[in-house]
Structure formats: structure tokens, C-alpha cells
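The numbers here are math on the coordinates, done by the rules we state, and not lab data. None of the values given here were measured: they were computed from a predicted structure. Here the Cβ positions follow ideal geometry from the backbone for every residue, glycine too, while neighbour counts run over all protein chains shown.
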Amino acid sequence: MDHKEAVRLQAAEKYVLGEFPPNLRDEYEEHFFDCAECAVDVKAIAAFVDVSREVLRAETEKLAEKKAAPAQGGWLNWFRPVIAVPAFAALLLVIGYQSFVIIPKPPARPDSVASQILFSSHALRGVNTAGEESRTLSIRPDEAFFLNFDFVPTHGFDNYIAQLEDAEGRVLLRSKIAGANANQEAHLPIPAGMLHPGKYVLAFYGDPNASGKINPQNDAGRLPFTVEFRP
């Protein structure tokens, strides 16, 4: 899927609402992995939901405080707003998005489906593809997020394969990157529950024939990082 088709299909909205069939969903994920504009669209919707949740949480706390406080003013209290109109609208939107946003689980567990919202992003800034440095990401155990990084391959190819591996070399995620997207920022969606405390590497391989097969001789760089859990 190219960007023109993504715009024509209103792909960002349909992806967030879970309206894509599996084949189009996979094609769009491959596209927005290295399309900054589409990634921004998806992240903007997720950010809105995140802010809406915070507003709802604050309003819920206020409501709990009011319920705990002694009643004053008799029947006139019925006219006091409990949840502000913007917060109520946000509540309706949150309910809708919570029900429909779908981020697929890793291929190793095809029989499970996770309803997740990508609320946040973590960047591998300062890590180069020569694999000389590493960075620690502090995430929540149930967090789904975008892994943002600068895709600067060490060797030039027409196509690439990005592969997320754990410390034992197990492949957790794999995606294609067009050669034209080299030396740009890329965004990899990470499903909740995929990563655990430990070491990982985002490895890149050249795919000159677009076969989708890994050839270790076409190594194009590695981005090592460590994951730790926070409360």
C-alpha cells in the first residue's frame, strides 16, 4: 500500500476503528511503519484518547469527592454539573475507541486478539545502527507503544527487512522498509505484553530482491536496547 492509496482509503481512521480486513490491515502496518505522515495520524488519535482518559479520570475523582462530602443546599444540588460537557463527550469517545482499536498480537500467538490503544511512544535516540550503544526503555507491563527510531542503514539496498529479536535470538516482529525511506524516522508499533525486562535488538537486513527472506550477509545495522518495567 502506498501513501496515495492510504489517503484514498482513509486508512488511519479505519485502522484505528478496526474496520480493515486482515490483509489491508497488514499492508497498512507495513506502510505506516516508515511513513511519518500516517504514523502521526494514528498517534494523534491515540493521543486524543489518552488525554480524554486523563480528563475522565480527573472528573471521576471529583465525583467521588463530592459523593463523600456532606450534602448542602437541599434539592438545588441536583442542578450542579457532575461531569463537564467536554469530559462527557470525551467519555463517549473513549468508550467507542476502547471497543474498536485493534493492534494485532505477534505472529507466534495468532489465536489471541488484543484490544489495545497506542497511548505513548519511546524513542531510540542516540543509538546508532552500528550497534555500539544501547538505551534503556522504561515501560509499563501492559503498555502498547510506538518504538521510534532513525533508520540509518549501514549499507544501501533497494529494500530492507526490520526484525525485532530478544536476547535468545527469537523473532518477535518483522516488517519491510523501502530503500527510499532510509535516513528517515520510522515508527514500529509494539503490542502490549510483547516485551519483558531484558535485552533486545532491532536488526536490519538488506532485501535486494524483495523476497522477504533474511540473508545474514546483508546485515544493514542493529539498534540494541534494554527494557525495564515501571509501576
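Going through the stretch 164-224, which trypsin sites (Lys or Arg not before Pro) have at most 14 other Cβ atoms within 10 Å and a DSSP loop state?
ARG170, LYS213
Of LYS14/LYS176; LYS4/LYS43; LYS14/LYS199, which ones are farther than 23 Å apart at the Cα?
Listed pairs above 23 Å: LYS14/LYS199.
Does anything in the stretch 178-194 have its amide N under 11 Å from the 7 Å Cα→Cβ label point of ASP158, and if so which residues?
Hits in the stretch 178-194 for ASP158 at 11 Å: 179.
Bin by bin, in steps of 10 Å, what percent of the Cα pairs in the stretch 120-229 do you find, going until the bin that has the longest distance?
15, 51, 29, 5
Can you give the % of DSSP beta bridges in the stretch 120-229 that are antiparallel, to the nearest 5?
For the stretch 120-229, the DSSP antiparallel bridge percentage is about 75.
Give me the net charge of LEU9's neighbourhood, meaning all other residues with Cβ under 13 Å from the Cβ of LEU9; Lys, Arg count +1, Asp, Glu -1.
Combined, the nearby Lys, Arg, Asp and Glu give -2.
Provide the gained length on full extension for the span ALA167 to ASN218, in nm with one decimal, where the gain is 0.36 nm per separating residue minus the Cα-Cα distance.
16.3 nm
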